[in-house]
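Written out below as structure tokens is the structure these notes cover.
What follows is calculated from the coordinates using simple rules that are stated; it is not laboratory data. Computed from a predicted model, the values in this text were never measured in an experiment. Glycine gets a Cβ as well: all are built from the backbone with ideal geometry, and neighbour counts include every protein chain shown.
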Amino acid sequence: MPKQIPCLWFDGAAEQAAAHYTSIFPNSAIGEVTRYGPDMPMPEGTAMTVSFTLDGQDYVGLNGGPQFPFTEAISFQIMCADQEEADHYWNRLTDGGEESMCGWLKDRFGVSWQVVPTELTTLLNDPDPGRARRATEAMLQMRRIDIEEIKRAADGVSA
């Protein structure tokens with residue numbers, strides 16, 4: 001299968017977004033930046049595209065203008081090893097952005113992310129239907145996922 005590289009359409013903030021994201025994710029870097037020249041749709045010298053890598057995943061940021069804003073219809077899942085890792089991404093990505101429900105957030109650029117401790121999937125798919133239901137009900141009440149609170153709910157223990 002050919003390599004797939006998500007392209008994110010920004011309204012002039014592609015360089016700032018790439019710098020922000022590469023400061024959050026390990027093993028990340030900004031690659032090639034192409035710039036608009038004279039007599040082009042954006043001011044000369046403005047970044048047209050910015051290639052960047054977030055922990056091995058390639059992306060391209062495109063400064064295309066205001067025509068196509070981000071929506072929650074597309075989001076990036078960050079599957080986190082534990083609560084500490086999830087909190088790191090949640091805190092950094094919500095800085096200047098906004099929290100949503102069930103581990104979803106919108107960053108300062110309007111890009112939607114889902115910050116998910118991998119243990120959540122195990123709890124939501126527990127073979128005991130009552131335990132899975134209680135875990136799901138707890139998750140549905142949260143913004144930032146709190147895996148210990150979900151475990152307590154799954155076990156029927158009040159906080």
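Tabulated data for the structure shown
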{"item": "With Cα atoms, 0 to 90° folded angle of helix 14-24 axis to the chain main axis", "result": "40 degrees"}
{"item": "Considering only the stretch 67-159, percent of DSSP beta bridges that pair antiparallel, nearest 5", "result": "45 percent"}
{"item": "Antiparallel %, DSSP beta bridges [both residues in the stretch 1-73], to 5", "result": "75 percent"}
{"item": "Qualifying GluC sites (Glu not before Pro) in the stretch 61-159, DSSP loop, other Cβ atoms within 10 Å at most 15", "result": "Glu72"}
{"item": "Mean separation of Cα contacts under 8 Å, 6 or more apart, over the residue count of the chain: relative contact order %", "result": "18 percent"}
{"item": "Among [x] 60, 40, 32; [y] 68, 42, 27; [z] 65, 28, 28, the entry derived from the coordinates for Cα extents along the principal axes in Å", "result": "[z]"}
{"item": "Share antiparallel - DSSP beta bridges, the stretch 1-133, percent rounded to 5", "result": "60 percent"}
{"item": "Prolate/oblate/rounded label for the stretch 1-66 (Cα gyration tensor, a/c 1.5)", "result": "prolate"}
{"item": "For Trp9, residues with placed amide H under 5 Å, excluding near neighbours", "result": "Leu62"}
{"item": "Anisotropy class of the stretch 70-159 from Cα gyration tensor, a/c 1.5 cut", "result": "prolate"}
